[in-house]
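Trainee: Quick one: the structure is below, questions incoming.
The values are calculated or read from the model by the stated rules, or taken from the named source; none is laboratory data. Small disclaimer: the values here were computed from a predicted structure and weren't measured. With ideal geometry, Cβ positions are generated from the backbone for all residues, glycine too; neighbour counts draw on all protein chains shown.
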Ligand code: THU
């Protein structure tokens, strides 16, 4: 028996003020995108804003439904939108923010498990690492080099070969 270890590093910034202007813009736009959310059930508005490899920008927000499992997270709305508007373009940077209407929105939160799985496959299908910028409406910002870092020992299409 041996023990394997998985760890990863990420950057932590005290606020958006410490970011480069281009990163700050991505975070600001993700914060704005929370306003596009349709989240009457959770009151938890998530916004995502991405820069594609081509330099285009795409936005996403969570879209809920009275039949709760029908709802889609902001990250997957964004990826589906990018795939339609700009086929074959990977995502280079994705900022994700949230506005919790029933609580605080002052610390970075990270994508749910289903989105981690979707982000990983979006990265691999376009052979383009997705740099992830996480924040609330204020406070710290975390930056990860690659979305796949969030999903160790993941299940991939190749596993079915
Ligand atoms: N949500 C996202 O949009 N992204 C995530 O990564 C986490 C959760 C949404 C789903 C649901 O509409 C609301 O946040 C509460 O879970």
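Trainee: Being surrounded by 20 or more Cβ atoms within 10 Å (Cβ to Cβ), in contact with a helix residue (DSSP H, G or I) (Cβ under 9 Å, 6 or more places away or on another chain) and farther than 20 Å from residue 142 by Cβ narrows it down to one residue among 46, 58, 27; which is it?
Mentor: Working: 46 fails: farther than 20 Å from residue 142 by Cβ; 27 fails: farther than 20 Å from residue 142 by Cβ.
Exactly one of 46, 58, 27 is surrounded by 20 or more Cβ atoms within 10 Å (Cβ to Cβ), in contact with a helix residue (DSSP H, G or I) (Cβ under 9 Å, 6 or more places away or on another chain) and farther than 20 Å from residue 142 by Cβ, namely 58.
Trainee: Within the stretch 67-94, can you find the residues that are more than 13 Å from the ligand (Cβ to nearest atom), outside any helix (DSSP H, G or I) and within 17 Å of residue 29 (Cα to Cα)?
Mentor: Result: 91, 92, 93.
Trainee: Here is a list of conditions, (1) surrounded by fewer than 16 Cβ atoms within 10 Å (Cβ to Cβ); (2) outside any loop (DSSP other than H, G, I, E, B); (3) more than 16 Å from the ligand (Cβ to nearest atom), and residue 51 meets all of them except one; can you say which number that is?
Mentor: Among (1) surrounded by fewer than 16 Cβ atoms within 10 Å (Cβ to Cβ); (2) outside any loop (DSSP other than H, G, I, E, B); (3) more than 16 Å from the ligand (Cβ to nearest atom), residue 51 violates only (1).
Trainee: Given the options 57, 44, name the one that is more than 13 Å from the chain's Cα centre (by Cα) and either at pLDDT below 95 or more than 9 Å from the ligand (Cβ to nearest atom) (or both).
Mentor: Details: 44 fails: either at pLDDT below 95 or more than 9 Å from the ligand (Cβ to nearest atom) (or both).
On inspection, the qualifying residue turns out to be 57.
Trainee: Next up: Under 6 Å between Cβ atoms, which residue pairs at least 6 apart in sequence (or on different chains) link something in the stretch 31-46 that is closer than 15 Å to residue 67 by Cα with a partner that is near the ligand (Cβ under 10 Å from one of its atoms) and not in a loop (DSSP other than H, G, I, E, B)?
Mentor: That search, which allows pairs on different chains as well, returns 38/63; 39/45.
Trainee: Within the set of pairs 6 or more residues apart or between chains, which connect a residue that is at negative phi inside the stretch 60-73 to a residue that is part of a loop (DSSP other than H, G, I, E, B) and more than 8 Å from the ligand (Cβ to nearest atom) with Cβ atoms less than 7 Å apart?
Mentor: Listed by first residue and then by second, the contacts come to 64/40; 71/65.
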